[in-house]
């Protein structure tokens, strides 16, 4: 797997020269940068966190150079975070599709790797928050204040990717339990059939023994 690849300089330059009317463009650019950082890597929480940190630091560096009159740094940071959230929504969907495919192919969903994948999905929002907090802690004023404001909003309202990840993890967990119950039910039916055939076999043996005894000639006195 390759290291995250995105044009940090281009993202910095875009935030540096952005106007208040370019919010949608900033969000799209940040989303694309995050996707570029994630692509070609294993979607582990560690890789997701490092990618988000790299992208958020680039956006922050650009916004710090754009503190002109009429430009609110919090607005710029908010668009950056929204873009990263958009990219994580796609990462969540990629996880859902991969796990659903494995389930359809009959994979044992109790496998430790698959159960960990579900657990990681549920931690997606915490991972994003951790990356943002790391960037915020390294930002100087007034960017530090802008990051804190955005963080407070995230913690209060959550993120779209976090909500989607939790719902997806819950849905897949239910499907896994249903699959396990189906497998268990099939095993129980097989065991019951075996037990029934066993009792029939015992009955047959017993009948055979009884007939054999009846066929023996009486012992001479």
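The base-10 log of I(q)/I(0) for region 115-175, evaluated at q = 0.15, 0.27 Å⁻¹, reads -0.51, -1.03 [Debye formula, identical scatterers on Cα atoms, solvent excluded]. Over all Cα atoms in region 8-189, the spread is summed up by Rg and Dmax: 19.1, 74 Å. The convex hull around the C-alpha trace of region 48-144, projected and averaged over every direction, spans 6.6 square nanometres.
Since every read-out is calculated from the coordinates, none of them should be taken as a lab result. Note that the structure is a prediction, hence the values are computed from the model and not measured.
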